């Protein structure tokens with residue numbers, strides 16, 4: 001009964017992965033078909049290691065993932081605690097809206113909010129007294145990260161909160177009450193009673209968000225296109241450029257395989273570290 | 001305190017969408033003066049301008065075709081596999097479930113190159129099947145995962161009674177499980193549709209022009225000659241998002257139940 005599903009997943013996901021591995025061992029440039037497709041072993045990987053732009057893109061991706069996922073988990077937990085007890089219909093509506101909106105559309109909305117001297121972002125910065133002169137967000141290498149991180153946090157935090165809210169509702173109310181009558185403050189109640197129940201859900205959210213942040217593409221493509229220059233270019237965007245703009249399929253496949261192996265290693269390491277705890281909780 | 005925090009969070013979530021919507025309804029000149037917190041006048045010029053943007057409407061049509069086809073293929077295939085995973089005991093079941101999950105978290109960029117070469121060899125670049133085939137395999141893990149979560153919640157007694165009466169597994173699947181799972185299928189179908197509606201990387205990589213580009217690509221590439229036509233872009237954002245957002249909100253109860261059960265981000 002699983003044959004159709006497994007078959008189609010295997011033909012379009014697993015088989016191409018092996019193909020990408022094989023392709024990455026060749027020089028294959030669609031702009032120069034006369035070169036053919038000679039076998040070069042690991043030369044493409046050697047080039048990737050020496051490629052400063054690729055290394056920078058890896059660093060960008062890792063830094064972005066670390067910052068945005070941390071923010072999302074902290075804010076998501078706070079939001080879940082705040083929403084716990086609120087009317088659930090409101091919570092669901094609020095959480096699902098940013099999540100259901102296409103990433104491209106969300107990115108365009110945020111680009112609009114950060115674009116130009118009279119943008120909403122500048123208005124807010126002025127109101128908060130952060131800056132008198134209009135800030136040119138998208139033209140500065142460091143500042144251009146702000147709209148990217150803000151947009152990602154806006155789009156995914158409510159969803160993280162929703163996952164945590166489901167877990168939070170498993171916290172026995174009697175336990176919280178007992179802690180309250182024993183004189184535990186709000187923070188102590190959260191840290192000693194709610195948080196242990198929340199841990200597995202947090203670990204799951206962390207894994208999903210981290211893997212998701214690592215493959216960021218749409219948001220950056222629309223918001224900054226990796227710019228100014230290549231200051232905000234993540235690995236997925238650089239690989240896309242190498243493949244479909246430069247048409248260097250051999251080298252691009254080597255970059256793809258590197259990303260895949262990095263993701264795989266990340267997930268594997270994570271499951272080794274946190275998996276046993278998750279399984280124990282399941283039982 | 002708690003209520004205040006909730007209100008602040010709701011405002012932070014809604015404000016960007018509100019500002020985008022009000023801007024799409026304001027005259028172009030107004031947009032250079034600052035954010036439109038409260039619209040004083042209503043201008044439909046951007047929506048009229050959008051009407052003559054053929055590429056955007058082509059994108060909507062293509063998205064509709066690709067997302068519907070993918071959902072129509074994913075649901076039966078996924079429901080079959082999910083039933084087996086939820087009810088039958090067979091060797092490799094756990095491995096299969098884990099593998100499905102792993103594919104869902106897979107970075108798409110890792111297989112853009114071989115998929116492109118494959119589609120090129122088959123002459124499928126810039127065609128509907130060229131998008132539907134990759135979409136089916138990437139949306140299937142999500143479909144299967146969600147449906148397994150839903151099907152596990154169905155009582156097994158009716159199926160067992162039917163099996164005792166001599167009905168085959170296939171008949172049980174088709175005549176008992178599927179009707180019972182209709183609401184779950186609807187929710188899963190919406191999520192699968194949404195996945196295809198929002199997908200960007202494959203749509204950008206495997207199409208060459210407006211005739212087959214889907215909505216996200218069409219919107220992302222909507223550019224003016226001299227400056228970004230924000231009014232028109234935001235109007236396009238509203239038009240392409242509002243129907244889907246309404247659909248999601250209408251089914252929010254089932255969707256959140258499924259997502260929380262599967263802990264999957266679409």
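The values are calculated or read from the model by the stated rules, or taken from the named source; none is laboratory data. Computed from a prediction, not measured in an experiment: that's the story for all the values here. Every residue, glycine among them, receives a Cβ derived from its backbone with ideal geometry; neighbour counts consider all protein chains shown.
Might you let me know whether the stretch B:83-93 holds any residue that is within 11 Å of chain A (Cβ to nearest Cβ), in a helix (DSSP H, G or I), more than 18 Å from the chain's Cα centre (by Cα) and within 29 Å of residue B:243 (Cβ to Cβ)?
Checked the stretch B:83-93: no residue is within 11 Å of chain A (Cβ to nearest Cβ), in a helix (DSSP H, G or I), more than 18 Å from the chain's Cα centre (by Cα) and within 29 Å of residue B:243 (Cβ to Cβ).
Answer yes if at least one residue in the stretch A:78-85 is buried (at least 16 other Cβ atoms within 10 Å of the Cβ) and closer than 30 Å to residue B:217 by Cα, and no otherwise.
Within the stretch A:78-85, not a single residue is buried (at least 16 other Cβ atoms within 10 Å of the Cβ) and closer than 30 Å to residue B:217 by Cα.
Show me the helices (runs of 4 or more DSSP H) entirely contained within the stretch A:112-229 in which 1 or more residues are within 12 Å of another protein chain (Cβ to nearest Cβ) and surrounded by fewer than 16 Cβ atoms within 10 Å (Cβ to Cβ).
Values: elements: A:120-127, A:145-168, A:173-181, A:186-189, A:195-214, A:218-223.
The helices (runs of 4 or more DSSP H) meeting that bar are A:120-127, A:186-189.
For the stretch B:120-148, give me each residue that is within 12 Å of chain A (Cβ to nearest Cβ), over 14 Å from residue A:9 (Cβ atoms), at pLDDT below 90 and surrounded by 20 or more Cβ atoms within 10 Å (Cβ to Cβ).
B:147, B:148
Exactly one of (1) under 27 Å from residue A:246 (Cα atoms); (2) away from chain A (no Cβ under 11 Å) is unmet by residue B:113. Its number?
Among (1) under 27 Å from residue A:246 (Cα atoms); (2) away from chain A (no Cβ under 11 Å), the lone unmet condition for residue B:113 is (2).
Looking at the stretch B:257-266 only, could you name the residues that are part of a helix (DSSP H, G or I) and either more than 7 Å from every other protein chain (Cβ to nearest Cβ) or modelled with pLDDT of 75 or more (or both)? Before the answer, list the steps.
Step one: filter the stretch B:257-266 for residues part of a helix (DSSP H, G or I), giving B:257-262.
B:257, B:258, B:259, B:261, B:262, listed by residue number.
Would you please list the contacts, defined by Cβ atoms under 9 Å and residues six or more apart or on different chains, that run from a residue in the stretch B:1-28 that is under 18 Å from residue A:160 (Cβ atoms) to a residue that is surrounded by fewer than 15 Cβ atoms within 10 Å (Cβ to Cβ)?
These pairs meet every condition: B:6/A:90; B:10/A:90.
Kindly indicate whether any position in the stretch B:35-56 is away from chain A (no Cβ under 11 Å) and closer than 29 Å to residue A:215 by Cα.
yes
Kindly check whether there is at least one residue in the stretch B:4-14 that is part of a loop (DSSP other than H, G, I, E, B) and loosely packed, with under 14 Cβ neighbours inside 10 Å.
From the stretch B:4-14, those part of a loop (DSSP other than H, G, I, E, B) are none; that's our starting set.
Checked against the condition, which is being part of a loop (DSSP other than H, G, I, E, B) and loosely packed, with under 14 Cβ neighbours inside 10 Å, the stretch B:4-14 yields no hits at all.
Give the residue that is farthest from residue B:170 (Cα to Cα), with candidates limited to residues of the stretch A:12-24 that are in contact with a helix residue (DSSP H, G or I) (Cβ under 7 Å, 6 or more places away or on another chain) and more than 7 Å from chain B (Cβ to nearest Cβ). Working first, answer last.
Applying the first criterion (in contact with a helix residue (DSSP H, G or I) (Cβ under 7 Å, 6 or more places away or on another chain)) to the stretch A:12-24 yields A:12-13, A:16-17, A:19-21, A:23-24.
Keeping just the survivors that are more than 7 Å from chain B (Cβ to nearest Cβ) gives A:21, A:24.
Numbers: A:21: 39, A:24: 44 Å.
Looking at the filtered set, the residue picked out is A:24.
What do you reckon, is residue B:158 in contact (Cβ under 8 Å) with a residue 12 or more places away in the chain, away from every other protein chain (no Cβ under 11 Å), surrounded by fewer than 16 Cβ atoms within 10 Å (Cβ to Cβ) and not in a loop (DSSP other than H, G, I, E, B)?
On the way: in contact (Cβ under 8 Å) with a residue 12 or more places away in the chain: yes; away from every other protein chain (no Cβ under 11 Å): yes; surrounded by fewer than 16 Cβ atoms within 10 Å (Cβ to Cβ): yes; not in a loop (DSSP other than H, G, I, E, B): yes.
Spelling it out, residue B:158 is indeed in contact (Cβ under 8 Å) with a residue 12 or more places away in the chain, away from every other protein chain (no Cβ under 11 Å), surrounded by fewer than 16 Cβ atoms within 10 Å (Cβ to Cβ) and not in a loop (DSSP other than H, G, I, E, B).
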